[in-house]
Amino acid sequence: MATGRAIHVNQKPVILIVGASGQVGTELQRSFADAGDVTAWERSVADLFHPETLRSLIRQLRPALILNAAAYTAVDRAESEVDQAMTINADAPRVLAEEAARLDATLVHYSTDYVFDGSKKSPWVENDKPNPLNVYGRTKLAGERAIQEVGGKYLIFRTSWVYGPHGQNFLRTMLRLGRERDQLKIVNDQFGAPTSSLVIANATRAAWDKTLTITPEYGVYHLTCAGETTWYGFAQEIFTQHQKRTGEKIPQLTPIPSSEYPTPATRPVNSVLSNEKLQSTFGITLPDWRLALAKVMGK
Ligand SMILES: NC(=O)c1ccc[n+]([C@@H]2O[C@H](COP(=O)([O-])OP(=O)(O)OC[C@H]3O[C@@H](n4cnc5c(N)ncnc54)[C@H](OP(=O)(O)O)[C@@H]3O)[C@@H](O)[C@H]2O)c1
């Protein structure tokens, strides 16, 4: 008999991954492969720029878990594409939250360290007041708020400085530039925690597994690798590990202030996030960013 709920006794949960071709989406397909009956949607199947079209797709699928890894992530371009970024990062997540609530499904959504203005001297906690400095951060904060307004079973994981084996990211850019140039100038006055797509996907799976045994407090959680560095420190570690593995010549790195590398979007000075809430609620401890980097570089 149909119960109207998304999980049926003795059936594998239907799991939907939205944004399946992105860095995190790709790794979620791996980490959730044996967690249920997984459907992965790319932009060609579900376009978040047209949020209302998502409703009928979701109603047909009836997932117990929606993992939303899709986002407008072009931080600098967002400054001139405000409406597009707002639709994808805020309007679409609202629709996903409404449809999840309708099915009593869980929604996992990702947000960013860029909701903060960087002014705090210590790691940011979930209850700190957001004050985004750029359009991307404003749209991601609007997405968080839209989901919170809808309510229901949602987990918003704020992460930072995402990189991994796929897609466009700082690691891959550094390795490419390192092959092309002898010298690189890298910003050394923004602090954060590089977090790999592997770590994010594995931690998301661990949190989901935990929700099957406990009812967590639904809400916002910080989910970043341990430790902190600057972009310059991240680049140094990338090239040090790369040289150890390959013996290849590496470029000379010069630390510079952000003022010498102007970008359309302003970035926060300190966007280090505290993971204590994730640890105490889900028992998840994330690795130091250097260890996580070694895992990705070893792939
Ligand atoms: N990247 C970072 O440094 C960073 C930092 C903090 C938080 N986050 C958050 O972490 C999450 C995952 O980020 P990521 O690094 O994995 O991003 P990503 O690699 O840029 O992937 C984003 C995904 O969203 C999809 N997408 C964009 N517009 C879409 C649309 N209109 N309809 C459907 N799909 C669309 C992209 O599809 P296409 O492949 O077709 O373009 C891509 O698959 C996001 O919520 C992001 O805001 C990222």
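The values are calculated or read from the model by the stated rules, or taken from the named source; none is laboratory data. Computed from a predicted structure; not experimentally measured. Because the Cβ atoms are built from the backbone with ideal geometry, glycine has one as well, and the counts that use them run over all protein chains shown.
The residue of the range 45-60 that is nearest to SER160 (Cα to Cα), among those that are aliphatic (A, V, I, L, M) and surrounded by fewer than 19 Cβ atoms within 10 Å (Cβ to Cβ), is VAL45.
Residue-by-condition table, conditions (1) assigned to a strand (DSSP E or B); (2) at negative phi; (3) touching a residue at least 40 places away in the same chain (Cβ under 8 Å):
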| residue | (1), (2), (3) |
| --- | --- |
| ARG179 | no, yes, no |
| ILE186 | yes, yes, yes |
| ALA201 | no, yes, yes |
| ALA207 | no, yes, yes |
| PRO216 | no, yes, yes |
| ARG245 | no, yes, yes |
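A quick yes/no check of all residues on (1) at pLDDT 95 or above; (2) closer than 24 Å to GLY22 by Cβ:
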position	(1), (2)
THR204	yes, yes
THR215	no, no
ARG245	no, no
PRO262	no, no
ALA265	yes, yes
VAL269	yes, no
LEU278	yes, yes
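More than 22 Å from PHE191 (Cβ to Cβ), touching a residue at least 24 places away in the same chain (Cβ under 8 Å) and touching a helix residue (DSSP H, G or I) at 6+ places or on another chain (Cβ under 6 Å): does that describe GLY167?
Judged against the criteria, GLY167 is a match.
The one condition from (1) under 20 Å from the mean Cα position of the chain (by Cα); (2) of a type in the set (Ser, Thr, Tyr); (3) modelled with pLDDT of 95 or more that THR211 does not meet is (3). One residue stands out among those in the range 65-100 that are among the aliphatic types (A, V, I, L, M) and surrounded by fewer than 17 Cβ atoms within 10 Å (Cβ to Cβ): the one that is farthest from the ligand (Cβ to nearest atom), which is VAL82. Remark: pairs (first residue in the range 75-91, of a type in the set (D, E, K, R); second residue more than 8 Å from the ligand (Cβ to nearest atom); Cβ separation under 7 Å; 6+ apart in sequence or on different chains) = ASP76/THR263; ASP76/PRO264; ASP76/ALA265; GLU79/ASN134; GLU79/VAL135; GLU79/PRO264; GLU79/ALA265; ASP91/PRO51.
Just one residue in the set ASP128, ASP117, ASP113, ASP104 is at positive phi, at pLDDT 95 or above and of a type in the set (Asp, Glu); that residue is ASP104.
In the range 142-150 there is at least one residue that is within 19 Å of the chain's Cα centre (by Cα) and of a type in the set (Lys, Arg). Return the residues of the range 189-199 that are more than 18 Å from PRO123 (Cβ to Cβ) and part of a strand (DSSP E or B); say none if nothing qualifies. Hit for the range 189-199 is SER196, nothing else. Number of residues in the range 218-239 that are closer than 14 Å to ARG158 by Cα and part of a loop (DSSP other than H, G, I, E, B) equals 4. A count restricted to the range 40-64 and to residues that are within 14 Å of the ligand (Cβ to nearest atom) and in a helix (DSSP H, G or I) stands at 4.
For PHE157, indicate whether it is among the hydrophobic types (A, V, I, L, M, F, W, C), farther than 16 Å from PHE282 by Cβ and surrounded by 15 or more Cβ atoms within 10 Å (Cβ to Cβ). Give the steps one after another, and end with the answer.
Numbers: among the hydrophobic types (A, V, I, L, M, F, W, C): yes; farther than 16 Å from PHE282 by Cβ: no; surrounded by 15 or more Cβ atoms within 10 Å (Cβ to Cβ): yes.
No: the conditions fail for PHE157.
Within the range 10-39, if we keep just the residues that are over 15 Å from ALA105 (Cα atoms) and in contact with a Ser or Thr (Cβ under 6 Å, 6 or more places away or on another chain), the residue that is farthest from the ligand (Cβ to nearest atom) turns out to be GLU27.
Restricting the first member to the range 272-298 and to residues that are farther than 28 Å from ALA235 by Cβ, and the second to residues that are surrounded by fewer than 20 Cβ atoms within 10 Å (Cβ to Cβ) and modelled with pLDDT under 95, the beta-carbon pairs closer than 6 Å and six or more apart or on different chains are THR281/PRO216; PHE282/LYS210.
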